[in-house]
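Accompanying notes for the structure given below.
The values are calculated or read from the model by the stated rules, or taken from the named source; none is laboratory data. What you are looking at is a predicted structure, and each value in this text was computed from that prediction instead of being measured. Reconstructed Cβ throughout: ideal geometry from the backbone, glycine too, with neighbour counts over all protein chains shown. The protein model used for the area step is the full one, side chains on, heavy atoms only, and it has no ligands, DNA or RNA in it. Shrake-Rupley method; radii C 1.70, N 1.55, O 1.52, S 1.80 Å.
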Amino acid sequence: MKLTPSPYLWFNGEFVPWEEARIHVLTHALHYGSAVFEGLRAYATPRGPVVLGLAAHVERLFHSCKIVDLPLEHTQSAISAAILETVHRNRHPACYIRPLVFRGYGALGVYSAECPIEIAIATFPWVKSEEAESLETGIDVGVSSWRRMAPDTHPAMAKVAGNYVNSQLVVAEARRHGYADGLVLDVDGFVAEGSGQNVFLVHGGRLLTPPVGDSILAGVTRRCVLDLAADLGIRILEQRVARELLYTADEIFLTGTVAEITPVRSVDGKPVGTGRRGPVTQSLQKRFFGTLRGEFEDRRGWLTPVRAASGT
Ligand code: PMP
């Protein structure tokens with residue numbers, strides 16, 4: 001996905017023109033991965049853009065900061081307001097939103113408390129041509145030879161930049177093998193998640209997904225889908241998932257801010273169920289996109305309108 005510049009970026013509390021949001025090459029985060037980030041999406045609706053899972057994403061940003069010792073002076077509500085204001089200022093009908101907190105320039109060395117903690121919020125249009133198609137046809141994935149980090153190595157629950165070396169290795173390997181993406185096992189060989197998505201399996205009408213604490217990122221879309229599944233009366237099991245279940249599942253899908261609810265049509269070359277999007281996946285997609293379009297009531301407050309919040 002190529003970046004399309006927007007007029008403004010929120011940088012350390014102020015709006016600056018896109019081109020002026022610059023950093024030094026000796027920025028700590030660039031050398032040691034000391035950055036945490038979020039990825040959110042604003043969707044176009046007749047009442048203007050709405051942000052999906054704003055509070056949950058901002059809360060996770062603060063949790064990530066706390067886990068990796070990046071203390072933030074701002075409050076969660078100030079960051080939420082800045083996110084909405086950035087979407088509004090850039091006049092996006094719909095967009096991707098990237099908040100980033102990082103250890104900046106000032107000293108070098110693995111632990112450098114002297115480096116300032118900087119924060120930026122970028123918003124830009126999200127244009128991905130194959131998106132609509134893969135939501136219907138599904139994607140082919142392979143189980144990666146790379147594992148997710150063991151619990152006492154990197155903090156899997158923090159969305160910290162350094163963790164994404166693992167994700168990059170997974171995607172690169174998957175593409176080399178002709179898959180769209182990879183599924184990653186945890187250190188014990190149980191299914192954890194995708195390179196940047198959580199994974200769900202449908203088995204005998206029940207929905208299975210690995211629990212938080214099983215080396216996964218606690219996805220906001222995952223939480224949203226669990227809510228929607230509960231609304232639909234689907235039985236949910238958050239439990240360890242053996243690799244073999246991937247080959248015997250009736251349906252598999254991936255969730256994430258970018259993936260939304262993407263069906264998986266094959267794993268390691270073996271078709272999932274009939275090899276087509278299954279009925280449970282389809283009904284969850286219908287609820288998910290229907291809620292975004294306002295066809296279903298947003299019962300749990302997943303959507304925040306940009307316009308109301310920015311007072312225009
Ligand atoms: N796992 C990983 C490793 C991710 O990077 C993401 C994307 N943020 C997800 C899961 C899905 O999380 P979310 O639904 O919050 O986008």
Handout entry: Filter result for the condition that a residue is hydrophobic (A, V, I, L, M, F, W, C), free of Cβ contacts under 8 Å to residues at least 12 places away in the same chain and either within 14 Å of the ligand (Cβ to nearest atom) or within 30 Å of ALA44 (Cα to Cα) (or both), over ALA180, ALA132
Key = ALA132
Exercise for the section: Please name all residue pairs, on different chains or six or more residues apart, with Cβ atoms under 7 Å, provided the first residue is in segment 147-170 and is at negative phi and within 12 Å of the ligand (Cβ to nearest atom) and the second residue is in a helix (DSSP H, G or I) and charged (D, E, K, R). Expected result: LYS159/ARG60
Completion exercise
From the option list ARG299, ARG307, single residue qualifying as in contact with a Gly (Cβ under 8 Å, 6 or more places away or on another chain), at pLDDT below 95 and surrounded by fewer than 20 Cβ atoms within 10 Å (Cβ to Cβ) is ARG307
Exercise for the section: Working carefully through the options VAL280, VAL272, find the one that is over 15 Å from ASP140 (Cβ atoms), more than 16 Å from the ligand (Cβ to nearest atom) and at pLDDT 95 or above. Expected result: VAL280
Practice task
Tell me, please, whether a residue that is in contact (Cβ under 8 Å) with a residue 12 or more places away in the chain, within 29 Å of GLU297 (Cβ to Cβ) and of a type outside the set (Ser, Thr, Tyr) can be found in segment 102-116.
Solution key: no
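Step by step: first the residues of segment 246-262, then only those that are under 15 Å from VAL280 (Cβ atoms) and more than 16 Å from the ligand (Cβ to nearest atom), then the one that is most open to solvent (accessible area, probe 1.4 Å). Which residue is that? First the steps, then the outcome.
Step one: list which residues in segment 246-262 are under 15 Å from VAL280 (Cβ atoms), which gives 249-255, 261-262.
With more than 16 Å from the ligand (Cβ to nearest atom) added as a condition, the list becomes 249-251.
Values: ALA249: 5, ASP250: 77, GLU251: 12 Å².
Of everything passing the filter in segment 246-262, ASP250 is most open to solvent (accessible area, probe 1.4 Å).
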Exercise for the section: Identify, by number, the condition in (1) open to solvent by 80 Å² or more (accessible area, probe 1.4 Å); (2) within 26 Å of GLY162 (Cβ to Cβ); (3) in contact (Cβ under 8 Å) with a residue 60 or more places away in the chain; (4) out of contact with any Phe, Trp or Tyr (no Cβ under 8 Å at 6 or more places or on another chain) that ARG47 doesn't meet. Expected result: (2)
Problem - Only listed residue being within 15 Å of the ligand (Cβ to nearest atom) and either surrounded by 15 or more Cβ atoms within 10 Å (Cβ to Cβ) or at negative phi (or both), chosen from GLY213, GLY196 - result: GLY196
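Give, as residue ranges, the strands (runs of 3 or more DSSP E) completely inside segment 89-185 that count at least 2 residues that are touching a Leu at 6+ places or on another chain (Cβ under 7 Å) and either open to solvent by 20 Å² or more (accessible area, probe 1.4 Å) or modelled with pLDDT of 95 or more (or both).
Passing ranges, in order: 95-103, 117-124, 139-147.
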Problem - Some residue of segment 222-244 being surrounded by 21 or more Cβ atoms within 10 Å (Cβ to Cβ), within 17 Å of PRO151 (Cβ to Cβ), more than 9 Å from the ligand (Cβ to nearest atom) and at pLDDT 95 or above - result: yes
Practice task
Report yes if some residue within segment 269-278 is open to solvent by 80 Å² or more (accessible area, probe 1.4 Å) and not in a strand (DSSP E or B); otherwise report no.
Solution key: yes
Practice task
Looking for whichever is part of a helix (DSSP H, G or I), among the aliphatic types (A, V, I, L, M), surrounded by fewer than 18 Cβ atoms within 10 Å (Cβ to Cβ) and over 17 Å from the mean Cα position of the chain (by Cα) here; the options are LEU30, LEU26. Which one fits?
Solution key: LEU30
Problem - Hey, HIS63 closer than 20 Å to THR221 by Cα, within 16 Å of the ligand (Cβ to nearest atom) and in contact with an Asp or Glu (Cβ under 9 Å, 6 or more places away or on another chain) or not - result: no
